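Below is one structure; the comments refer to it alone.
The values are calculated or read from the model by the stated rules, or taken from the named source; none is laboratory data. Predicted model only: the values in this text are computed from it and were never measured. Reconstructed Cβ throughout: ideal geometry from the backbone, glycine too, with neighbour counts over all protein chains shown.
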């Protein structure tokens with residue numbers, strides 16, 4: 001990607017790091033198939049650059065970057081690399097087959113990182129930048145360099161680092177707010193100062209990568225654009241370690257909606273935003289908060305009588321964008337027990353799902369079962385049902401049958417039948433409550449003792465017949481995973497969510513290299 005020119009000076013390139021920085025969220029590990037599904041959605045949506053992973057971290061990460069590089073048709077595919085020759089070589093090999101490939105290498109620049117993590121002097125860091133960026137440029141024409149913890153780096157030293165990276169051949173310069181420390185005014189000023197005073201700055205595109213520790217990631221990203229950045233690094237749903245990254249959908253729609261004060265544009269097809277959100281949420285097993293901007297369940301919902309009155313008269317009274325503009329359908333009640341396969345398949349297509357024959361038949365049967373038990377079936381019910389079905393394919397541990405006995409002031413007992421690698425076994429166990437008995441029985445049946453980090457239940461839709469959406473987070477041997485399930489029966493949903501997380505614990509994943517982060 002070349003430096004900014006007069007023809008694209010107002011174009012903002014979208015760099016998505018959901019598959020790399022997003023997957024670093026505890027419990028957000030994705031399988032190869034899930035990563036490819038996410039990558040396809042990003043490419044279809046018009047994302048300019050997809051950071052597919054950290055190739056040196058593990059064989060699994062390397063293979064995922066290779067697979068994404070082979071699949072993606074339009075976007076540039078990049079792999080992350082520390083400022084180490086072996087990392088850079090591995091990243092170059094991983095993106096070798098991409099139609100457009102990039103190596104993204106980084107090094108710390110802040111005093112606290114240099115003193116405690118790298119144990120290097122400023123002059124040593126400058127030498128590392130010059131040497132490793134030049135090495136990357138010898139492998140590929142498109143090289144991005146990042147100054148980790150740029151916002152806590154003295155400005156004069158940051159300028160020296162940027163100048164060294166550009167001289168060595170970097171075509172993109174990323175100045176990340178690694179710990180979410182910046183505020184918008186100072187962030188804009190930093191970009192403006194660096195771009196305006198570093199020799200050769202016009203040869204590179206400058207990029208912002210903001211974390212959300214203070215809730216300012218999107219605001220800081222937009223401030224960076226005002227300061228001259230023309231690439232923004234972000235994730236779908238704001239997924240990412242700690243408090244997450246700047247949310248792709250919020251940045252894109254802010255630029256589109258407020259073009260009067262931010263005269264910049266992206267090439268994102270915004271009607272794909274809701275679908276991408278659902279795909280990432282299902283793949284990472286991270287539910288989207290109801291009041292999440294742009295793609296949350298309540299983003300276009302109105303309960304207040306005053307708001308409803310205004311909406312009936314003119315939607316613009318309380319909506320600054322239309323649901324359709326981000327791919328959200330206004331229809332709620334759509335399906336029932338008399339609906340056939342053709343109608344169900346059409347509804348799935350409308351919601352953004354394409355299932356194979358076996359997966360479709362299983363989903364349709366679960367839909368019919370749900371419709372028999374539930375008065376009304378809403379879009380949200382179908383989304384939960386299908387995401388749950390897709391997420392359980394290939395599970396080693398499956399729920400066959402369950403009976404729970406509860407009594408006020410008495411014993412809570414669960415008898416559960418599990419299929420483990422195809423062999424069925426039955427276990428009965430007690431607990432302090434129904435859910436405790438269920439989880440105890442599962443642990444007894446599987447024979448391992450994970451730590452329950454989180455358990456939560458909410459209703460997918462309203463009413464006493466609503467599906468219960470259960471969320472479970474487990475930790476074992478330092479690994480944290482999440483599991484979700486939706487069922488009309490809260491106890492069954494809880495059991496299946498626990499098993500969903502348990503199955504994810506069984507997925508082998510190589511150990512990550514230290515420092516697997518660029519922002």
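Listed here are the residues, each with its yes/no results for (1) touching a strand residue (DSSP E or B) at 6+ places or on another chain (Cβ under 8 Å); (2) closer than 29 Å to residue 293 by Cβ.
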site	(1), (2)
132	yes, no
137	yes, no
148	yes, yes
162	yes, no
167	no, no
182	yes, yes
191	yes, yes
197	no, no
222	no, yes
Which count do you get for residues in the stretch 279-312 that are more than 20 Å from residue 473 (Cβ to Cβ), assigned to a helix (DSSP H, G or I) and either modelled with pLDDT of 85 or more or touching a helix residue (DSSP H, G or I) at 6+ places or on another chain (Cβ under 7 Å) (or both)? 3
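Residue by residue, here is whether (1) farther than 21 Å from residue 397 by Cβ; (2) modelled with pLDDT under 80; (3) touching a helix residue (DSSP H, G or I) at 6+ places or on another chain (Cβ under 9 Å) holds:
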| residue | (1), (2), (3) |
| --- | --- |
| 427 | no, no, yes |
| 434 | no, no, yes |
| 440 | no, no, no |
| 451 | no, no, no |
| 454 | no, no, no |
| 471 | no, no, yes |
| 496 | no, no, yes |
| 499 | no, no, yes |
| 512 | yes, yes, yes |
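So that you can scan it fast, the table gives a plain yes or no per residue for (1) assigned to a helix (DSSP H, G or I); (2) modelled with pLDDT of 95 or more:
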residue	(1), (2)
116	yes, no
120	no, no
125	yes, yes
129	yes, yes
135	yes, yes
141	no, yes
Residues in the stretch 317-341 that are at negative phi and at pLDDT 75 or above total 11
Of the residues that make up the stretch 277-289, is at least one touching a residue at least 24 places away in the same chain (Cβ under 8 Å) and over 19 Å from residue 18 (Cβ atoms)? no
From the option list 446, 405, single residue qualifying as farther than 24 Å from residue 31 by Cα and in contact with a helix residue (DSSP H, G or I) (Cβ under 9 Å, 6 or more places away or on another chain) is 405
Regarding residue 390, is this residue part of a helix (DSSP H, G or I), over 19 Å from residue 491 (Cβ atoms), touching a helix residue (DSSP H, G or I) at 6+ places or on another chain (Cβ under 8 Å) and at pLDDT below 70? yes
Whether any residue in the stretch 50-63 is touching a residue at least 60 places away in the same chain (Cβ under 8 Å), crowded, with 24+ Cβ neighbours inside 10 Å, in contact with a strand residue (DSSP E or B) (Cβ under 7 Å, 6 or more places away or on another chain) and under 13 Å from residue 102 (Cβ atoms) is what I want to check. yes
Boolean, residue 14 is under 15 Å from the mean Cα position of the chain (by Cα) and more than 24 Å from residue 87 (Cβ to Cβ): yes
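Restricting attention to the stretch 134-143, does a residue exist that is crowded, with 24+ Cβ neighbours inside 10 Å and closer than 28 Å to residue 27 by Cα?
The first filter runs over the stretch 134-143 and keeps only residues crowded, with 24+ Cβ neighbours inside 10 Å, leaving 136, 143.
From what's left, closer than 28 Å to residue 27 by Cα: none.
Scanning the stretch 134-143, I find no residue that is crowded, with 24+ Cβ neighbours inside 10 Å and closer than 28 Å to residue 27 by Cα, so the answer is no.
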Options 255, 273, 248; residue that is at pLDDT 90 or above, closer than 25 Å to residue 50 by Cα and in contact with a strand residue (DSSP E or B) (Cβ under 6 Å, 6 or more places away or on another chain): 248
For the stretch 35-60, how many residues meet the condition of being within 16 Å of the chain's Cα centre (by Cα) and more than 20 Å from residue 267 (Cα to Cα)? 5
So which residues in the stretch 107-121 are touching a residue at least 24 places away in the same chain (Cβ under 8 Å) and either crowded, with 16+ Cβ neighbours inside 10 Å or not assigned by TED's automatic domain parsing to the domain that holds residue 65 (or both)? 107, 108, 109, 110, 113
